[in-house]
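Chemist: Sharing a structure with you now.
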Amino acid sequence: MTIDQTIARAFAPTGTLRASINLGNPILANKHAQTGEPFGVSVDLARAFAKHLGLALELVVFDAAGKSVQAVSEERADFGFFAIDPLRGETIAFTAPYVLIEGFYLVRDASPIRTNAEVDRADNRVAVGKGSAYDLFLTRELKAAQIVRAPTSPAVVRTFIDENLEVAAGVKQQLEADARAIPGLRLLDERFMVIRQAMGVPKSRGPAAAETLARFVEDMKASGFVADALARHGIDGASVAPPASSAN
């Protein structure tokens, strides 16, 4: 498929396509232990999109979602990978989701908390990753519990332990891994949210750029690229989002 050069310039005014990569979500991106290079589903998609546009790619890597969002909002990166959220949507044009990820609560084995409904009480403090989808969602939804923000999502359980908090909130797979590594922790039995993980471009780049990115995501889902990437990177518990026409 030939890409209109005005679209390529809209995406990459510097001549190089800059992808904002968030290492704070281990389902989508990680850093190679030996080389330090980022890898994962979002990195695969970034490379495929650069190839689609016929542009050189630069990965702009961050350790937290909030920083990754800010980079795209401020046009220090040209596109990125984010959970859809109305606050972020003020500056970023989102595609439909390409992956669905579950958010869960984690507590200590001895905790009296057994259900999600019991979390939102005045005597509970909930650890979340600063600027993460969970932070944004729970800031709106929790009316009584106090939110305590860890610097990054992977630091949530350490903050929960170190500050002796009542609840930790985050990606199910990250919490499960932490619970296996740290005795005496358990997940609650039901998810509190489903994160719709999408790609996004600054709204200032115009509707044609947003439409191009949206079509790319649909093609990547329909072709099996996203499913293959999840399988290749050994990701369990995340599912390919349905087509845009049936995603909502």
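The values are calculated or read from the model by the stated rules, or taken from the named source; none is laboratory data. Keep in mind the model is a prediction, meaning the values are calculated, not measured. Cβ placement follows ideal geometry from the backbone for every residue including glycine, while neighbour counts extend to all protein chains displayed.
Chemist: Looking only at the stretch 204-248, how many residues end up being among the charged types (D, E, K, R) and touching a His at 6+ places or on another chain (Cβ under 8 Å)? Let's see the steps before the verdict.
Modeler: First, pick out the residues of the stretch 204-248 that are among the charged types (D, E, K, R): 205, 211, 215, 218-219, 221, 228, 232, 236.
Within this subset, residues satisfying the condition of being touching a His at 6+ places or on another chain (Cβ under 8 Å) are none.
Looking only at that region, the number is 0.
Chemist: As an exercise: evaluate Arg18 against (1) out of contact with any helix residue (DSSP H, G or I) (no Cβ under 9 Å at 6 or more places or on another chain); (2) closer than 15 Å to Ala209 by Cβ; (3) among the basic types (Lys, Arg) and give the number of the one condition it does not meet.
Modeler: (1)
Chemist: Shifting gears a bit: If I ask for residues that are in a helix (DSSP H, G or I), free of Cβ contacts under 8 Å to residues at least 12 places away in the same chain and of a type in the set (Ser, Thr, Tyr), which ones from the stretch 202-248 would you list?
Modeler: Ser245, Ser246
Chemist: Residues to consider are Val156, Val194; find the one that is in contact (Cβ under 8 Å) with a residue 60 or more places away in the chain and not aromatic (Phe, Trp, Tyr). First the steps, then the outcome.
Modeler: Working: Val156 fails: in contact (Cβ under 8 Å) with a residue 60 or more places away in the chain.
Just a single option satisfies the conditions, and that option is Val194.
Chemist: Can I ask one more? Please enumerate the residues belonging to the stretch 102-127 that are more than 26 Å from Ile27 (Cα to Cα), hydrophobic (A, V, I, L, M, F, W, C) and touching an Asp or Glu at 6+ places or on another chain (Cβ under 9 Å).
Modeler: Ile113, the sole residue that qualifies.
Chemist: Filter the stretch 68-84 for residues that are in contact with a Lys or Arg (Cβ under 9 Å, 6 or more places away or on another chain) and of a type in the set (Asp, Glu); which is farthest from Phe49 (Cα to Cα)?
Modeler: Result: Glu75.
Chemist: Then there is this: Pull out all pairs, ordered by first then second residue, where Cβ-Cβ is under 7 Å, the residues are six or more apart or on different chains, the first lies in the stretch 88-117 and is closer than 16 Å to Gly170 by Cα, and the second is buried (at least 18 other Cβ atoms within 10 Å of the Cβ) and acidic (Asp, Glu).
Modeler: So the pair list comes out as Val107/Glu166.
Chemist: Right, something else. Would you pick out the residues in the stretch 92-117 that are over 17 Å from the mean Cα position of the chain (by Cα), of a type outside the set (Asp, Glu) and over 15 Å from Ser132 (Cβ atoms)?
Modeler: Matches in the stretch 92-117: Val107, Arg108, Ala110, Ser111, Pro112, Ile113, Arg114, Thr115, Asn116, Ala117.
Chemist: Only one of (1) under 20 Å from Ser68 (Cα atoms); (2) surrounded by fewer than 19 Cβ atoms within 10 Å (Cβ to Cβ); (3) not assigned by TED's automatic domain parsing to the domain that holds Leu17 fails for Ala181. Which number is that?
Modeler: It is condition (1) that Ala181 fails.
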